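Note sheet for the following structure.
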């Protein structure tokens, strides 16, 4: 096992040393003058990253907790909702909505297909409307990033709230909460926001605030949280050290400039895709600059992606992701989200070359790295 570790999964993602240093500071009391300025700054910076002037609610949980909060606060039992499912995390929306006894309708795509606004509009018309449409912006199980602006517009035109899983997309690709009239956007700390797992956040539009449902809720009660945040007095004990780290991470993103961050992710995605193609591998994720969060790649014929993932970890200390469910062993996924530069991507590609060659694939050594670097630099000149 290599002593140096490289984390290239779609989440958790690497954490910058400045963020780790903030987390390592002595723990402060969450109702003290030591914490409140950090809490206030973090909430303000979240509004900037969500690109909203409205409320962003902060919870101590995984991103799935923020997803559950959306269902619990918006839906009453029996409310018709439409879940758009094109992968693992679309299925998660369906599971949560079903658990809260919503009347769940689905628009299902094959894994790897890209949801289309016209399909969503047509399904809503067929159903006679729905209270909300639940959509995964960046489906990390497949590498697909959908056209969120068009989808939200289609939902709004049919009178449905747009509820967006932006757990892996926020801070990596554009998410315009106000500009695109997104009603609810949920995200988490452990992906493009460059902080360890444990924090989740939700932006809520004024329209969504006026249509809250009647499902039971307590910890994830939006109104309770909004009231407490207004006085900078969290309703429950927040993970204060993680909040301090998130504050630093958000500051880094804003200092770089969100548009520059988005461009960096586009360049990294292009580099990874071109590197994979140079090895003669087939992409599973779309060969599209929108897919800038994770690159999903088909394993060559006769090679189990599980073996590749294990060998990369054991020999080189490089952790990438296997496929989910039916795709396990058939694809592998290289994340390039958050605290990454092109040399992280080329390190992963070089190791993939070595391991695939050892597993019997015919790979031209060095081709992936050269192509990746050229693609990254070409994007820089555009």
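The values are calculated or read from the model by the stated rules, or taken from the named source; none is laboratory data. A quick note: this is a predicted structure, and the numbers were derived from the prediction, not measured. Positions of Cβ are generated from backbone atoms using ideal geometry, with glycine treated the same way; all protein chains shown enter the neighbour counts.
Observations, loosely collected:
- If you check 311, 350, 375 for being without any contact (Cβ under 8 Å) to a residue 40 or more places away in the chain, closer than 27 Å to residue 15 by Cβ and more than 23 Å from the chain's Cα centre (by Cα), only one passes: 350.
- The stretch 327-382: number of residues that are closer than 30 Å to residue 189 by Cα and either at pLDDT below 95 or part of a loop (DSSP other than H, G, I, E, B) (or both): 12
- Residue within the stretch 282-296 that is modelled with pLDDT of 95 or more and either part of a helix (DSSP H, G or I) or over 21 Å from the mean Cα position of the chain (by Cα) (or both) present: yes
- For the stretch 233-254, a residue qualifies if it is surrounded by 15 or more Cβ atoms within 10 Å (Cβ to Cβ) and part of a loop (DSSP other than H, G, I, E, B), and the qualifying residues are 234, 235, 238, 239.
Per-residue answers, yes or no, for (1) closer than 26 Å to residue 283 by Cα; (2) touching a residue at least 40 places away in the same chain (Cβ under 8 Å); (3) in contact with a helix residue (DSSP H, G or I) (Cβ under 6 Å, 6 or more places away or on another chain); (4) part of a loop (DSSP other than H, G, I, E, B):
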position	(1), (2), (3), (4)
156	no, no, no, no
168	yes, yes, no, yes
180	no, no, yes, yes
186	no, yes, yes, no
197	no, yes, no, yes
203	no, yes, yes, no
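- Residue check for residue 162: outside any helix (DSSP H, G or I) and over 18 Å from residue 258 (Cβ atoms): yes
- Residue check for residue 356: in contact (Cβ under 8 Å) with a residue 60 or more places away in the chain and out of contact with any strand residue (DSSP E or B) (no Cβ under 9 Å at 6 or more places or on another chain): yes
- Top-ranked residue of the stretch 6-20 - restricted to ones that are in contact (Cβ under 8 Å) with a residue 40 or more places away in the chain and farther than 21 Å from residue 346 by Cα, ranked as surrounded by the fewest Cβ atoms within 10 Å (Cβ to Cβ): 20
- Failed item, numbered, when residue 49 is tested on (1) touching a helix residue (DSSP H, G or I) at 6+ places or on another chain (Cβ under 8 Å); (2) without any contact (Cβ under 8 Å) to a residue 24 or more places away in the chain: (2)
- Residue that is in contact (Cβ under 8 Å) with a residue 24 or more places away in the chain and surrounded by fewer than 24 Cβ atoms within 10 Å (Cβ to Cβ), where the choices are 132, 121, 152: 121
- Any hit, the stretch 26-40, residues being touching a residue at least 60 places away in the same chain (Cβ under 8 Å), closer than 25 Å to residue 293 by Cβ and within 26 Å of the chain's Cα centre (by Cα): no
- You will find that of 69, 61, the residue that is in contact with a strand residue (DSSP E or B) (Cβ under 7 Å, 6 or more places away or on another chain), over 22 Å from residue 207 (Cβ atoms), in the same structural domain as residue 211 (by TED's automatic domain parsing) and in contact (Cβ under 8 Å) with a residue 12 or more places away in the chain is 61 and no other.
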